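> Below you will find the structure I want to go over with you.
A short reminder: the numbers here are calculations on the coordinates, not readings from a lab. Keep in mind that this is a model prediction, so the values were computed, not measured. FYI the Cβ positions are ideal-geometry reconstructions off the backbone, even for glycines, and counts take in every protein chain you see.
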Amino acid sequence: MAARILITTDYLHPGDSVDKLLHEHGLEPVYSPSRGPRTLEERRSLFEGISGAIIASEPVTSDMLAEADALQVIARSGVGYDSIDVKAASAHGIRVCNAPGTNHHSVAELTIGMIITAARRLLEVTSAVRAGHWPRDAGRELHGATLGIIGYGPSGRATANLGVALGMTVLVSTAHPDPSNTAIQFAELDTVIRDADYLSLHTRAGQGTGPLIDRHRLSTMKPTAFLINTARGSLVDEEALSKALSDGTIAGAVLDVIKSEPLPSDSPLRGLDNLLITSHLAGQTIQARARAGLAAAHAVIDVLENRQPAHPVDRQSRTPNTDEEGS
């Protein structure tokens, strides 16, 4: 009997390149698209009879893995893997992999698009025109503005390069600076947060240290500054951000990731005119999806065929890098 490969990534389908690759290696894809929270029974049975899994960003918890007797590998069709209990997976001998370097151009392009949207007030303008008005309020140029970037992994570097191309002053906070790149400036975290006109997050979540952007750090930002998060929802204290947006501590924010997705009906982030939330789309381009799906499929195949996967994230094979990103 062919080993069964669970696929929860909703853009992967029977007959596509991933499906064909898995079949070529004698594997049987099983589709269960992630479209929101599953029931307790669905979660417990998700990995039943499954040897490998290509997973979207939904939670994979220790109680789910305890029922996964046949499971050998979980591969994220993306970069972030905070939703997976990697420690529990390692305890059960399950390899965990991700797909870095597959969507950084997509993330960087959306980040800059978000910044332009905020700077030129495009949402307010288009909404007003739709309502029959013709607003002529002035926006802001990006040329000469300061782009602050936290994290210098692939998407952080790509975003920094786009910022430089637009004539922005680019400040980067990272544990892994690149002195050879003289077009950008590397600085301490608090300096980047304080000086940025647009503060963009491209780093992994801290390990038990709480949100990176909390009430205190929001208070040190410019009142004209915008926060952009395409990395991980847990990086931002949403209660503190809601208050900062309401009382004018900062000018606005654009979030592609939030702590709980989809956005809960009782979220403090609802109803704020100076906040734009998108539905975890930063890495979702046709090109990035194709690369990420195939990278995840190759990881599953490598593990099941007793080869070392290209991008393991489990503790038996790597040291965490604080510049790893989400999406």
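> If I model a spin label as a point 7 Å beyond the Cα along the Cα-Cβ vector, how far apart are those points for GLU67 and ASP214 in nm?
A separation of 3.6 nm, rounded to one decimal place.
> Expressed in nm to one decimal, what extension gain is obtained for the pair SER246 and SER180 from 0.36 nm per residue of sequence separation less their Cα-Cα distance?
Full extension of this stretch gives 19.7 nm more.
> So which trypsin sites (Lys or Arg not before Pro) in the stretch 1-103 end up in coil per DSSP with only 16 or fewer other C-beta atoms within 10 Å?
ARG35
> Next question, about the same structure. Mind checking which of THR220, THR230, THR159 has the largest fluctuation in a GNM of the chain, springs on alpha carbons under 10 Å?
THR220
> Between SER32 and LEU272, what is the FRET efficiency for a Förster distance of 41 Å, r being their Cβ-Cβ separation, to the nearest 0.05?
Here the calculated transfer efficiency is 0.75.
> Please report the relative contact order for the chain, taking Cα pairs under 8 Å with a sequence separation of at least 6, and give it as a percent rounded to a whole number.
Reported as a whole number, the value is 19 percent.
> Counting only GluC sites (Glu not before Pro) that are in a DSSP loop and have at most 15 other C-beta atoms within 10 Å, tell me the longest site-free stretch of the chain.
That would be 189-304.
> Could you work out [θ]222 nm for the chain from helices alone, using -39500 (n - 2.57) per DSSP H run of at least four and dividing by all its residues? Round to the nearest 500 deg cm²/dmol.
Mean residue ellipticity, 222 nm, calculated: -9000 deg cm²/dmol.
> Let me ask another. Using only Cα atoms, find the angle between the long axis of helix 286-304 and the longest principal axis of the chain, and express it within 0 to 90 degrees, rounded to the nearest 10.
It works out to around 30 degrees.
> Angle check, please: helix 238-247 long axis (alpha carbons) against the longest principal axis of the chain (alpha carbons), in degrees 0 to 90, nearest 10.
Helix 238-247 and the main axis of the chain meet at about 20 degrees.
> With labels modelled as points extended 7 Å from the Cα through the Cβ direction, what inter-label distance (nm, one decimal) is found for GLU42 paired with SER90?
3.1
> Could you pull out the trypsin sites (Lys or Arg not before Pro) across the stretch 232-302 that fall in loop regions by DSSP (anything but H, G, I, E, B) with no more than 12 other Cβ atoms inside 10 Å?
Counting only loop positions with at most 12 other Cβ atoms within 10 Å, the trypsin sites (Lys or Arg not before Pro) in the stretch 232-302 are ARG270.
> Describe numerically, in nm with one decimal, the distance between label points set 7 Å from Cα along Cα→Cβ at LEU122 and at ASP16.
Modelled inter-label distance: 2.5 nm.
> Which order do VAL107, VAL125, VAL170 fall in if you start with the one that has the fewest other Cβ atoms within 10 Å?
VAL125, VAL170, VAL107
> So what's the Cα pair-distance distribution over the chain, bin width 10 Å, in %?
6, 26, 31, 22, 12, 3, 0
> Sort THR203, THR39 so the one with the fewest other Cβ atoms within 10 Å of its own Cβ comes first.
THR39, THR203
> While we're looking at this one, here's another question. Between ARG136 and ALA310, 0.36 nm times their residue separation minus their Cα-Cα distance comes to what?
57.5 nm
> While we're here: Counting other beta carbons within 10 Å of each Cβ, put MET64, MET1 in order, fewest first.
MET1, MET64
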